[in-house]
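**Student:** Got a structure for you, written out below as structure tokens; questions coming shortly.
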Amino acid sequence: MLERDDDFSQCVEECEIAVIVNGHRYERTVPVRLLLSDFLRHDLQLTGTHVGCEHGVCGCCTVLFNGEAVRSCLMLAVQADGMAVTTIEGMAGTNSELHPIQQAFQEKHGLQCGFCTPGIIMSVHAMLHEHPDPTEKEIRHELSGNICRCTGYQNIVEAVKLAAERLREQHMEVE
Amino acid sequence: MKPPRFQYCAPRILDEALTLLDQHGEDIKVLAGGQSFVPLLNMRLAGPAYIVDINHISELHYIETEDGYLAIGAIARQRQIERSVLVQEKHPLLVEVIKHIGHMQIRNRGTVVGSIAHADPAAELPALLTCLNGEVLAQSIHGERVIKAEEFFTGYLTTALEPGEMLTEARFPWIPPRAGWSFMEFARRAGDYALVGAAAVLTPAPDDTCMSAHIAYLGVAGSPIRAHAVEQMLVGTTLDQRALDAAAEAAREIVSEDMSDVHATVEYRRTLTAELTKRVLKAAWGRRERQERQEQQRGEG
């Protein structure tokens with residue numbers, strides 16, 4: 001995480017920000033009313049973060065903000081100044097191999113149209129980091145903040161179970 | 001761009017924020033977690049000329065145990081309290097209530113004090129603060145004042161806060177020793193605003209009758225409502241079926257006549273209120289009993 005270097009104690013309508021997104025530092029001048037979701041999509045061209053309801057209900061725009069899952073449509077881009085953001089584009093490895101969560105979603109058919117998927121993957125990432133071995137009930141509870149309009153929830157839950165299992169194995173190998 | 005134009009500032013010191021609030025009066029709004037405020041901006045239901053973002057004011061980022069209450073600073077996140085071992089141990093009812101708020105993505109950003117300042121009548125924390133007879137601390141550059149929950153929530157999304165003032169702390173009184181507590185709500189989908197919810201704290205007397213009762217509701221009127229009439233009916237009883245039925249019947253009266261909307265009619269909300277009253281009281285009283293049995297077992301062992 002960067003130290004916040006700008007001082008916003010003066011009222012401004014536009015300002016320079018520096019945000020670390022998926023490990024890269026981006027510096028941009030943005031209007032203060034720009035949402036973080038629109039900053040990622042329009043200014044950084046990272047269109048993997050989807051925008052559904054734009055008032056915090058659907059979960060499509062979920063990203064990791066300093067490691068925590070948040071709604072990027074409910075934050076201003078200026079609030080990400082000096083902070084670290086991870087989006088779906090940051091999940092795959094350096095040689096574009098899928099992240100184990102993505103791999104599990106592919107294998108278990110955890111997506112249909114795919115619109116909600118980036119938000120779900122980010123939420124699952126945060127969930128499994130905190131609870132590596134969730135019960136089905138916990139998975140369903142933690143995913144309640146992400147709406148899938150295709151209603152493919154069964155396979156999403158199956159995918160999360162598989163991802164959890166693989167991540168635990170991976171973790172054990174590392175140890 | 002979704003939100004309307006505004007001027008933004010994010011001071012690091014409380015006094016700077018209070019100075020801005022004083023200068024701009026009704027033209028300025030405080031941004032804390034933003035989980036209710038940013039949707040209002042996105043839908044352009046709110047359009048303040050100035051926004052003061054208090055997220056960098058580290059002096060407001062605290063959870064402290066005080067004599068008589070748990071003090072929560074204005075930018076302590078709901079998730080932080082949910083995870084706090086201190087709060088889990090010392091104020092389990094608060095943790096239980098927070099788990100019912102929105103989804104984890106919302107609680108990661110949302111603040112306790114922000115939810116109270118927003119004063120949504122269907123929100124959990126205003127109802128809990130009302131149930132516990134808690135207080136808030138409002139500060140301005142001219143000084144500070146402590147406001148009781150029941151005086152703070154004055155109507156739909158409306159509070160006793162004056163222009164130039166900011167909520168800096170919420171005070172949740174401790175649950176009395178031996179008391180049982182419970183919180184329940186009914187929502188159509190997980191994480192939605194509940195149609196109706198209730199929080200109860202029951203303290204037993206030495207003869208195991210109810211010595212003191214606190215019960216408050218969300219979703220029944222323009223503000224959270226503490227049901228003093230129901231509380232008085234419960235004192236001196238053993239929370240038997242007759243007492244529960246009478247309390248449930250009385251609780252129906254609390255639901256305001258204008259609480260019909262697309263989600264539920266008044267009659268449906270009254271039915272829910274009556275049922276939740278019984279369940280929440282039974283659960284709270286049950287928790288008290290278990291505590292007592294444990295004490296006896298310990299004494300015998």
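**Student:** Is one or more of the residues making up the range A:73-94 closer than 29 Å to B:Leu41 by Cα, in contact with a Cys (Cβ under 7 Å, 6 or more places away or on another chain) and within 11 Å of another protein chain (Cβ to nearest Cβ)?
**Tutor:** Yes; the residues of the range A:73-94 include at least one that is closer than 29 Å to B:Leu41 by Cα, in contact with a Cys (Cβ under 7 Å, 6 or more places away or on another chain) and within 11 Å of another protein chain (Cβ to nearest Cβ).
**Student:** Something else about it: Could you give me the residue pairs with C-beta distances under 6 Å whose first residue belongs to the range B:1-21 and is of a type in the set (Ser, Thr, Tyr) and in a helix (DSSP H, G or I), whose second residue is surrounded by fewer than 21 Cβ atoms within 10 Å (Cβ to Cβ) and at pLDDT 95 or above wherever it lies, and which are 6+ apart or on separate chains?
**Tutor:** B:Thr19/B:Ile141
**Student:** Among (1) out of contact with any helix residue (DSSP H, G or I) (no Cβ under 8 Å at 6 or more places or on another chain); (2) facing chain B (nearest Cβ under 10 Å); (3) surrounded by fewer than 19 Cβ atoms within 10 Å (Cβ to Cβ), which single condition is A:Cys53 missing?
**Tutor:** Only one criterion in (1) out of contact with any helix residue (DSSP H, G or I) (no Cβ under 8 Å at 6 or more places or on another chain); (2) facing chain B (nearest Cβ under 10 Å); (3) surrounded by fewer than 19 Cβ atoms within 10 Å (Cβ to Cβ) is unmet by A:Cys53, namely (1).
**Student:** For the range A:29-65, which positions are within 10 Å of the chain's Cα centre (by Cα) and either at positive phi or assigned by TED's automatic domain parsing to the domain that holds A:Cys148 (or both)?
**Tutor:** Passing the criteria: only A:Gly59.
**Student:** Of the residues that make up the range B:45-68, is at least one under 18 Å from the mean Cα position of the chain (by Cα), modelled with pLDDT of 95 or more and within 11 Å of chain A (Cβ to nearest Cβ)?
**Tutor:** Within the range B:45-68, none of the residues are under 18 Å from the mean Cα position of the chain (by Cα), modelled with pLDDT of 95 or more and within 11 Å of chain A (Cβ to nearest Cβ).
**Student:** Is there a residue in the range A:75-88 that is surrounded by fewer than 18 Cβ atoms within 10 Å (Cβ to Cβ), more than 30 Å from A:Phe8 (Cα to Cα) and at pLDDT 95 or above?
**Tutor:** no
**Student:** Regarding A:Ser37, is this residue of a type in the set (Gly, Ala, Ser) and buried (at least 18 other Cβ atoms within 10 Å of the Cβ)?
**Tutor:** Judged against the criteria, A:Ser37 is a match.
**Student:** Need the failing condition index for A:Val19 against (1) more than 10 Å from chain B (Cβ to nearest Cβ); (2) surrounded by fewer than 20 Cβ atoms within 10 Å (Cβ to Cβ); (3) aliphatic (A, V, I, L, M), just the number.
**Tutor:** (2)
**Student:** Which one of the conditions (1) away from every other protein chain (no Cβ under 14 Å); (2) within 24 Å of B:Leu45 (Cβ to Cβ); (3) basic (Lys, Arg) does A:Lys108 fail to meet, given that it meets all the rest?
**Tutor:** With respect to (1) away from every other protein chain (no Cβ under 14 Å); (2) within 24 Å of B:Leu45 (Cβ to Cβ); (3) basic (Lys, Arg), A:Lys108 is out only on (2).
**Student:** Sticking with this structure for a sec: Checking the structure you have, find out if any residue of the range A:31-52 is within 20 Å of B:Gly102 (Cβ to Cβ), touching a Ser or Thr at 6+ places or on another chain (Cβ under 9 Å), without any contact (Cβ under 8 Å) to a residue 40 or more places away in the chain and not hydroxyl-bearing (Ser, Thr, Tyr).
**Tutor:** yes
**Student:** Do any helices (runs of 4 or more DSSP H) entirely within the range A:62-147 hold 1 or more residues that are farther than 30 Å from B:Pro3 by Cα, in contact (Cβ under 8 Å) with a residue 60 or more places away in the chain and not aliphatic (A, V, I, L, M), and if so, which?
**Tutor:** Values: elements: A:100-107, A:117-130, A:136-142.
Those helices (runs of 4 or more DSSP H) span A:100-107, A:117-130.
**Student:** Please give the number of the condition B:Pro204 fails out of (1) closer than 21 Å to B:Lys29 by Cβ; (2) surrounded by fewer than 24 Cβ atoms within 10 Å (Cβ to Cβ).
**Tutor:** The single condition B:Pro204 does not satisfy is (1).
**Student:** Quick one: A:Cys113 ticks every box in (1) closer than 25 Å to B:Leu41 by Cα; (2) of a type outside the set (S, T, N, Q); (3) assigned by TED's automatic domain parsing to the domain that holds A:Ile156 bar one, so which box is it?
**Tutor:** (1)
**Student:** Which one is nearest to the other protein chains (Cβ to nearest Cβ) among residues in the range B:1-30 that are aliphatic (A, V, I, L, M) and surrounded by fewer than 16 Cβ atoms within 10 Å (Cβ to Cβ)?
**Tutor:** Here is the first cut: in the range B:1-30, the residues aliphatic (A, V, I, L, M) are B:1, B:10, B:13-14, B:17-18, B:20-21, B:28, B:30.
Restricting the remaining residues to those that are surrounded by fewer than 16 Cβ atoms within 10 Å (Cβ to Cβ) gives B:1, B:13.
Details: B:Met1: 5, B:Ile13: 8 Å.
By that ranking, first place goes to B:Met1.
**Student:** Something else: Looking only at the range B:113-153, which residues are part of a strand (DSSP E or B) and closer than 18 Å to B:Lys29 by Cβ?
**Tutor:** Of everything in the range B:113-153, those that are part of a strand (DSSP E or B) and closer than 18 Å to B:Lys29 by Cβ turn out to be B:Val136, B:Ala138, B:Gln139, B:Ser140.
**Student:** Looking at (1) in contact with a strand residue (DSSP E or B) (Cβ under 8 Å, 6 or more places away or on another chain); (2) in a loop (DSSP other than H, G, I, E, B); (3) surrounded by fewer than 20 Cβ atoms within 10 Å (Cβ to Cβ), which is the only condition A:Arg28 fails?
**Tutor:** Among (1) in contact with a strand residue (DSSP E or B) (Cβ under 8 Å, 6 or more places away or on another chain); (2) in a loop (DSSP other than H, G, I, E, B); (3) surrounded by fewer than 20 Cβ atoms within 10 Å (Cβ to Cβ), the lone unmet condition for A:Arg28 is (2).
**Student:** Still on this model: For B:Tyr193, are the conditions met, namely being among the hydroxyl-bearing types (Ser, Thr, Tyr), modelled with pLDDT under 95, more than 30 Å from B:Ser58 (Cβ to Cβ) and buried (at least 17 other Cβ atoms within 10 Å of the Cβ)?
**Tutor:** Working: among the hydroxyl-bearing types (Ser, Thr, Tyr): yes; modelled with pLDDT under 95: yes; more than 30 Å from B:Ser58 (Cβ to Cβ): yes; buried (at least 17 other Cβ atoms within 10 Å of the Cβ): yes.
Against the criterion (among the hydroxyl-bearing types (Ser, Thr, Tyr), modelled with pLDDT under 95, more than 30 Å from B:Ser58 (Cβ to Cβ) and buried (at least 17 other Cβ atoms within 10 Å of the Cβ)), B:Tyr193 qualifies.
The values are calculated or read from the model by the stated rules, or taken from the named source; none is laboratory data. The shown structure was predicted, so the numbers you read here are calculated from the model rather than taken from an experiment. Note: ideal-geometry Cβ built from the backbone for every residue, glycine included; neighbour counts use all protein chains shown.
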